[in-house]
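> The structure's right below; bear with me while I get my questions together.
The values are calculated or read from the model by the stated rules, or taken from the named source; none is laboratory data. Model, not experiment: these values are computed from the prediction. Heads up, the Cβs are rebuilt from the backbone with ideal geometry, glycines too, and the neighbour counts pull from every protein chain shown.
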Amino acid sequence: MNIDFMEALKEIEREKGIPFEMLVEAIEAALISAYRKNFGSVQNVRVEVDRATGTMKVFAQKTVTENVHDPREEISLEEAQRLDPRYRPGDRVEVEVTPRNFGRIAAQTAKQVVVQRIREAERNLVYDEFSGREQDIVTGVVRRTENRNVLIDLGRTEAILAPSEQVSTEVYRQGERIKTYILEVRKTTKGPQILVSRTHPGLVRRLFELEVPEIHDGIVEIKAVAREPGLRSKIAVHSHDHNVDPIGACVGPRGMRVQTVVNELRGEKIDIIRWSPDTAEFVGSALSPAKVIAVELDEENRTAQVIVPDYQLSLAIGREGQNARLAARLTGWKIDIKSESQAAG
């Protein structure tokens, strides 16, 4: 190692933010292992790298003794006193034992350590960047599929879209840009692992936050989201300003805002419901687009009995019960739907 190498370490500190001293200490620790491996030594050694010149020296600790049995561990009293007359038997002496041909091994070891530390630092930076973004949206490019996992390029790292988080009606084509919801960021031995989703209800919530300034500013609040990924979603919205219509804000001029969200979700239908603190009113609205005549609540069992016009029954229930299911998830109430004639009978 030389002056140029030490300057390179300082440049790494400036560019990557890895402290110069930390790099040198890591190199010194690695050189101890390299010395023992290549020279078969069991000595208690210390490696010292000159911070200015890069000059490297290996020192071994030896015990002063009158009769040397193991020169790797012991030093004669006579030799020790040549270094310092004050040494006595039993004292520990530090002696330079730098091998002549250790330079090449040292340079190779140092480079390996630096590359490893840079890799670790970059992994930590990626982890720090994304760990604070859980439950947020991230945009990336579909790169490839491995074992049914879709790998998405986020620039400095890749995210994993697992089969369970993929929408069954969607096809993810290589090279296309896609928005996903960050579920979890894990620290692993191979670096940060970012798990994302296309099915999570939070994706719908975040997409509306991106498109609707009133939601971003806190004027309109999304109270609840219920979703059957790829098919239909319902969101319940509330305005904290009586002059702002929460549904109109989400729909946007000529329906542009909601259409942008629908396009990102590849045609998934979205019902925007007005939230109400009155549970009966909220349950009735949640069954939109069906019209509701009456709602009776059983508070104890958290069940709502809803009566709709005869011709609206199938609309209220929805295809394969989808509308009723989503309304129940949105409100948190079990919903029993009956037509007028069923209720009268």
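> Can you name every residue in segment 176-220 that is touching a strand residue (DSSP E or B) at 6+ places or on another chain (Cβ under 9 Å) and among the polar types (S, T, N, Q)?
Answer for segment 176-220, where residues must be touching a strand residue (DSSP E or B) at 6+ places or on another chain (Cβ under 9 Å) and among the polar types (S, T, N, Q): Thr180, Gln193, Ser197, Thr199.
> Being within 38 Å of the chain's Cα centre (by Cα) and either of a type in the set (Ser, Thr, Tyr) or at positive phi (or both) narrows it down to one of Arg302, Arg329, so name that one.
On the way: Arg329 fails: either of a type in the set (Ser, Thr, Tyr) or at positive phi (or both).
The unique qualifying residue is Arg302.
> For Gly191, state whether it is in contact with a Leu (Cβ under 8 Å, 6 or more places away or on another chain) and on the phi > 0 side of the Ramachandran plot.
For Gly191, the condition - in contact with a Leu (Cβ under 8 Å, 6 or more places away or on another chain) and on the phi > 0 side of the Ramachandran plot - is not met.
> Another question about this same structure. Take segment 316-340 and flag every residue that is in contact with an Asp or Glu (Cβ under 6 Å, 6 or more places away or on another chain) and not charged (D, E, K, R).
Our first condition is that a residue be in contact with an Asp or Glu (Cβ under 6 Å, 6 or more places away or on another chain); within segment 316-340, this holds for 339-340.
Residue satisfying the conditions is Ser339 alone.
> Now, a different point. Could you say whether any residue in segment 49-65 is among the charged types (D, E, K, R) and farther than 30 Å from Glu120 by Cβ?
yes
> For segment 319-328, check the following and say yes or no: at least one residue is crowded, with 20+ Cβ neighbours inside 10 Å, assigned by TED's automatic domain parsing to the domain that holds Glu209 and under 20 Å from Phe208 (Cα atoms).
no
> Separate question: Could you identify the single residue in Arg92, Arg72, Arg88 that is touching a Lys or Arg at 6+ places or on another chain (Cβ under 9 Å), at pLDDT 85 or above and more than 30 Å from Ile3 (Cα to Cα)?
Result of the check over Arg92, Arg72, Arg88: Arg92.
> On the given criteria, is Glu7 assigned by TED's automatic domain parsing to the domain that holds Arg119 and either modelled with pLDDT of 85 or more or surrounded by 12 or more Cβ atoms within 10 Å (Cβ to Cβ) (or both)?
Answer is yes for this residue.
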